Amino acid sequence: MAKILIIEDENKIARFVELELKYEGYEVEIASDGRVGLEMALHNNVDLVLLDIMLPGLSGIEVCRRIRLDSSVPIIMLTAKDDVTDKVAGLNIGADDYMTKPFAIEELLARIRVALNRQSKMYQPKVDVLQIGELKLNLTSHSAFYGEDELVLTKKEFELLEYLLKNKNIAITREQLLNNVWDYEYLGDTNVVDVYVRYLRQKIDDKYGIHLISTVRGVGYIIKDEK
Ligand code: CA
């Protein structure tokens, strides 16, 4: 069941919502301070955040903005009375929805279901198999096949191949590959790209006698559709 974080300094509201959510079967955590809430939103693996705007420590708007720098977790803002400015500000910085206090609990529950549903749909990869010639990459199971043979690829090799395949017929620079496939610690050191392309060529091109990844001189690499 989904875990919901309530960031709300009004104890009565927080407890009331907690009880209702638990009754519906959700796991619930509560923070009564903006700073603590932000930490919990980023590190406690929560599935949805209910976020009050007027908070001690850090305002709800600021908490929302900082969560969005790192996470796409659904956020429903809880605004006092009918403050239009707060609503607009919240939605502008990435909140998914807002509720005006006092709210009917049934309506809050309905909006939570909608937000969780939308999120779970968003996470389903649109394409789950990438294919070129005999090579197939299954993005759901993270497995790769050449014909009937399963290829043994490391995580990075798989991700590099995935990125090149998603952008097939486009020359991709080493910097693009670094930015999209590697973590920041490698930024600037494009040699790592060449090393991994070599691994992939050993495992695929050399083994099956094909020419999968081409070097584009002065640019980077490309996987082209067979003609
Ligand atoms: Ca408050």
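Every read-out reported here was derived from the displayed coordinates using simple, explicitly stated rules and does not represent laboratory data. Note that this is a predicted model, so its numbers are computed, not measured. Cβ placement follows ideal geometry from the backbone for every residue including glycine, while neighbour counts extend to all protein chains displayed.
The alpha carbon convex hull volume per residue for the chain rounds to 159 Å³. Listing Arg111, Arg118 from fewest to most neighbouring C-beta atoms within 10 Å gives Arg118, Arg111. Using a ≥ b ≥ c from the Cα gyration tensor of segment 129-223 (square roots of the eigenvalues), is it rounded, prolate or oblate, where a/c under 1.5 gives rounded and otherwise the larger of a/b and b/c decides, a/b for prolate? Prolate is the answer for segment 129-223, as a/c is 1.5 or above and a/b outweighs b/c. Electrostatic tally near Ala14: other residues with Cβ closer than 9 Å to its Cβ, Lys and Arg +1, Asp and Glu -1, net -3. Starting from the Cα of Leu109, move 7 Å in the Cα-to-Cβ direction to define the label point; list residues of segment 59-78 whose amide nitrogen is under 19 Å from there. The answer is 76, whose backbone nitrogens lie closer than 19 Å to the label point. Scanning the chain for GluC sites (Glu not before Pro) in DSSP loops with at most 10 neighbouring Cβ atoms within 10 Å leaves 1-147 as the longest stretch between them.
Spin-label pair Glu39-Thr190: with each label point 7 Å from Cα along the Cα-Cβ axis, the two points sit 4.2 nm from one another. Using R₀ = 30 Å, calculate the FRET efficiency as 1/(1 + (r/R₀)^6) where r is the Cβ-Cβ separation of Arg68 and Glu27; round to 0.05. According to the calculation, E is roughly 0.85. Compute the acute angle (0 to 90°) between the alpha-carbon long axis of helix 191-200 and the principal axis of greatest extent of the alpha-carbon atoms of the chain; round to the nearest 10°. Approximately 70 degrees, to the nearest ten.
Need one word for segment 3-122: rounded, prolate or oblate. Basis is the Cα gyration tensor (sqrt eigenvalues a ≥ b ≥ c); a/c below 1.5 gives rounded, then a/b vs b/c decides. Rounded, because the longest to shortest axis ratio a/c is under 1.5.
Going by neighbour counts of Cβ atoms within 10 Å, the residues Lys101, Lys155 line up, fewest first, as Lys155, Lys101.
Each of Arg217, Arg201 was scored by other Cβ atoms within 10 Å of its Cβ. Arranged with the fewest first, they read Arg217, Arg201.
Listed values for segment 39-46 are Karplus-derived 3J(HN,Hα) couplings in whole Hz (6.51 cos²θ - 1.76 cosθ + 1.60, θ = phi - 60°), namely 4, 5, 4, 7, 10, 9, 6, 8, and x replaces Gly and Pro. Modelled this way, with points 7 Å down the Cα-to-C-beta line, the labels at Asn117 and Phe145 are 3.5 nm from one another. Working note: Karplus 6.51/-1.76/1.60 with θ = phi - 60° gives segment 138-149 the couplings 9, 6, 7, 8, 6, 10, 10, 10, 10, x, 8, 7 Hz, where Gly and Pro are set to x. Here the 3J(HN,Hα) profile of segment 98-104, calculated from phi with Karplus coefficients 6.51, -1.76 and 1.60 at θ = phi - 60°, is 9, 10, 9, 7, x, 10, 7 Hz, Gly and Pro shown as x.
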